[in-house]
1. Suppose we filter 79, 93 for residues that are aliphatic (A, V, I, L, M) and buried (at least 16 other Cβ atoms within 10 Å of the Cβ); which single one remains?
2. Keeping to region 79-94, report how many residues are under 16 Å from the mean Cα position of the chain (by Cα), in a helix (DSSP H, G or I) and not aliphatic (A, V, I, L, M).
3. Quick one: would you say residue 24 is aromatic (Phe, Trp, Tyr), more than 13 Å from the chain's Cα centre (by Cα) and under 30 Å from residue 120 (Cβ atoms)?
4. Please find, among 5, 31, the residue that is surrounded by fewer than 16 Cβ atoms within 10 Å (Cβ to Cβ), modelled with pLDDT of 95 or more, under 27 Å from residue 80 (Cα atoms) and among the aromatic types (Phe, Trp, Tyr).
5. Would you pick out the residues in region 80-92 that are over 20 Å from residue 11 (Cα atoms) and of a type in the set (Val, Ile, Thr)?
6. Of all residues in region 96-121, which are in contact (Cβ under 8 Å) with a residue 60 or more places away in the chain and crowded, with 17+ Cβ neighbours inside 10 Å?
7. When residue 52 is evaluated against the numbered criteria (1) part of a helix (DSSP H, G or I); (2) in contact (Cβ under 8 Å) with a residue 12 or more places away in the chain, which criterion, by number, is the only one it fails?
8. Looking for whichever is touching a residue at least 60 places away in the same chain (Cβ under 8 Å), outside any helix (DSSP H, G or I) and either surrounded by 17 or more Cβ atoms within 10 Å (Cβ to Cβ) or acidic (Asp, Glu) (or both) here; the options are 13, 22. Which one fits?
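The values are calculated or read from the model by the stated rules, or taken from the named source; none is laboratory data. Here the structure is a predicted model, which is why all the values come from computation and not from measurement. Positions of Cβ are backbone-derived with ideal geometry, glycine not excepted, and every protein chain shown enters the neighbour counts.
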Amino acid sequence: MNIYFTVLKKFAEFSGRSRMSEFWNFTLINFILIGLSMILDYTFGTFISPMPFGIIFIIYNFLVFLPSLAVFVRRMHDVGKSGWYVLFSFIPVFGTVWLLSLCITEGNPKSNVYGPNPKRK
């Protein structure tokens, strides 16, 4: 849970690099909290009828969008790619699979143009 708050503290920091563990721990906790927000929407009746989500879900996703984007960009920097690679997510299947493969790839062991190896800090 500490990593989750660490990412939230660096919510608008797009420079530097993020380790694979930082990215995936944040993503796991984020998915759990998204599920919890959907459960709370159904429990309190705050869901929007034609859609499968509600007000709590929308507010949570709005608050966590920028930190999620920032940690993804820093993860791309760790594997030596530009943060603009996030745009590949708009390619329906190929883009998502390719970005997923980049996210599970070990980062560059040496310094790159985006900064020093975060494992050595």
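1. Selected residue: 79, the only one of 79, 93 that is aliphatic (A, V, I, L, M) and buried (at least 16 other Cβ atoms within 10 Å of the Cβ).
2. Going through region 79-94 one residue at a time, the tally reaches 6.
3. no
4. 31
5. Scanning region 80-92 gives a single hit, 91.
6. Across region 96-121, the qualifying residues are 107, 114, 118.
7. Only one criterion is unmet by residue 52, namely (1).
8. That would be 13, the only listed residue that is touching a residue at least 60 places away in the same chain (Cβ under 8 Å), outside any helix (DSSP H, G or I) and either surrounded by 17 or more Cβ atoms within 10 Å (Cβ to Cβ) or acidic (Asp, Glu) (or both).
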